[in-house]
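Here, each number is a calculation from the coordinates, and none is a lab measurement. From a predicted model like this one, the values you see are computed outputs, not experimental measurements. Ideal geometry is used to build each Cβ from the backbone, glycine not excepted, and the neighbour counts take in all protein chains shown.
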Amino acid sequence: MAEATWNRHHIISLADFTLAEYETVLQTATSFLEVLSRRTKKVPTLQGQVVTHLFFEPSTRTRSSFELAAKRLSADTLNFAPGTSSLTKGETILDTAKTYLAMGTDLMVIRHQQAGVPLAIAQEMDRLGSGVGVFNAGDGQHEHPSQALLDLFTICTSLSPDYPQISALKGKKIAIVGDILHSRVARSNLWSLTACGADVHLAAPPTLLPKQFSASFAAPLAEQSKAISTQIKTHWKIEPAVQDADFVMTLRLQKERMTRYLLPSLREYHQQFGITRDRLALCKPDVKVLHPGPVNRGVEISSDLMDDPALSLIPKQVANGVAVRMALLYLMGTSRN
Ligand code: NCD
């Protein structure tokens, strides 16, 4: 594996990711996808390093994917389950992180239901001069960078399997449909997809896609780029969003984050915003569907579509997630040395 130039110390948000960084992640993940196709799917890159997974919120694929990625790179891994940890005895999150630091952690992967926790831990690690690199594996409604990077990789490999490049995304219409308000996946994807030149359309009921959403989202980048405000189009009906779309990304209704009754019923939501074969007929003929999972079958997407390999990239997203997270751990783990 060639040494890539990588200066980022933590991956908390994609808001300030550069095109060169996106390209480096794609190229590095492509190499690791090849490693994962070998009989022996393991390389010694992170031998002797400790990767600690601090998941304060439930997760199936992100936690297992990060853990498998670390193991494929020969790192030692530590896992933490909040319910059986000293958090139940009143230990703070920062003290928990510092405990794992004292055990020799090199990289920390953090998920928390509250936005800002991975950043707070990263700042504390820096203050202590620890050299530990922190990954945000999902913080509240804020961001989920590794999910958006694996989505980017999946879209780019679907456009060009042997040599995925971000330039392939330019002008491609991508519809993101569903619970955008509560989605950290959507927020991270908005940074990456718009930065790479995609034509991004959002569709959701008004309660899940406030009018000011894209404008307020654009504000932090306004000085760097006008791209976000000009490229994100919002719709309160699904049809104009999916019309001629190249990719449709559908999102779970995040009931655990809904504080009020935001929808009449799941049945009505499916009728108005569910991804079905009829709706896909409006898209480009070779349209592909993505979903970060977990899926509520029959709510945001019809069950048969999910299992149709001609249309659904969902299993590919999960498989690619391991290669992309290997790339991220590799880039952060080797640049620290
Ligand atoms: C997402 C998450 O947890 O943010 N899932 C994931 O990590 N693949 C999306 C969700 O919970 O709906």
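Placing +1 on the Cβ of each Lys and Arg and -1 on the Cβ of each Asp and Glu in the chain, which of 123, 295, 313 has its Cα farthest towards the positive end of the resulting dipole?
295
Which ³J(HN,Hα) values in Hz, rounded to whole numbers, follow from the phi angles of the range 67-75 under the Karplus curve 6.51 cos²θ - 1.76 cosθ + 1.60, where θ = phi - 60° and Gly and Pro get x?
5, 5, 4, 5, 5, 5, 9, 6, 6
Suppose only helical runs count, i.e. DSSP H with n ≥ 4. What mean residue ellipticity at 222 nm does that imply for the chain under -39500 (n - 2.57) per run, divided by all residues and rounded to the nearest 500 deg cm²/dmol? Kindly include the intermediate steps, with their values, before the conclusion.
Details: 13 runs with 132 residues, N = 337.
Here the helix-only value at 222 nm equals -11500 deg cm²/dmol.
Would you mind checking the tilt of helix 117-127 against the longest principal axis of the Cα atoms of the chain, expressed as 0 to 90 degrees and rounded to 10?
30
What ranking, highest mean first, results for peptides 134-143, 97-106, 243-252 when packing means the other Cβ atoms within 10 Å averaged over each residue?
134-143, 243-252, 97-106
Using only the Cα atoms of the range 22-89, each taken as one equal point scatterer with no solvent, compute I(q) by the Debye sum, divide by I(0), and report log10 of the ratio at q = 0.22 Å⁻¹.
-1.01
How large is ³J(HN,Hα) for each residue in the range 138-154, as worked out from phi by the Karplus curve 6.51 cos²θ - 1.76 cosθ + 1.60 (θ = phi - 60°), to whole Hz, x for Gly and Pro?
Working through the residues one at a time gives x, 10, x, 8, 7, 8, 8, x, 5, 5, 5, 5, 6, 5, 4, 4, 5 Hz.
Would you please classify the overall shape of the range 293-337 from the alpha carbon gyration tensor, given that a ≥ b ≥ c denote the square roots of the eigenvalues, rounded means a/c under 1.5, and beyond that prolate means a/b larger than b/c while oblate covers the rest?
Verdict is prolate for the range 293-337.
Applying the Karplus parametrisation 6.51 cos²θ - 1.76 cosθ + 1.60 with θ = phi - 60° to the phi angles of the range 186-198, what ³J(HN,Hα) value in whole Hz is obtained for each residue in order, glycine and proline being reported as x?
4, 4, 5, 5, 4, 5, 6, 5, 5, 4, 8, x, 6
Amide H neighbours of residue 80 under 5 Å, at least 5 residues apart or on other chains, H built in the peptide plane: list them.
HN-HN under 5 Å from residue 80: 53, 55.
For residue 89, go through the lysines and keep the ones whose alpha-carbon is under 30 Å away, minus same-chain ones fewer than eight residues off.
Straight-line reach from residue 89, under 30 Å: 98, 255.
If R₀ is 35 angstrom, what is the calculated FRET efficiency for the pair residue 5 and residue 159, using the beta carbon separation as r and rounding to 0.05?
Working from the Cβ atoms, E equals 0.90.
Please get the size of the charge dipole for the chain, origin at its Cα centre, with Cβ charges of +1 on Lys and Arg and -1 on Asp and Glu, quoted in debye to the nearest 20. Each step should come with its number before you reach the end.
Working: 35 positive and 31 negative charges, 76 e Å.
Approximately 360 debye in magnitude.
In degrees between 0 and 90, to the nearest 10, how far off the longest principal axis of the chain does helix 19-36 point, with axes built from Cα atoms?
That helix lies at roughly 80 degrees to the long axis.
Under 28 Å between alpha carbons, and skipping anything fewer than 8 positions from residue 284 in its own chain: which lysines qualify?
Correct list for residue 284: 170, 172, 173, 211, 226, 233, 237, 316.
For the chain, state the semi-axes of the equivalent ellipsoid (square roots of 5 times the eigenvalues of the alpha-carbon gyration tensor), sorted largest first and rounded to whole angstrom.
On the way: eigenvalues 203, 105, 72 Å².
So the equivalent ellipsoid measures 32, 23, 19 Å along its semi-axes.
Show which lysines lie in cross-link reach of residue 71 when reach means a straight Cα distance below 16 angstrom and same-chain residues fewer than eight apart are skipped.
41, 42
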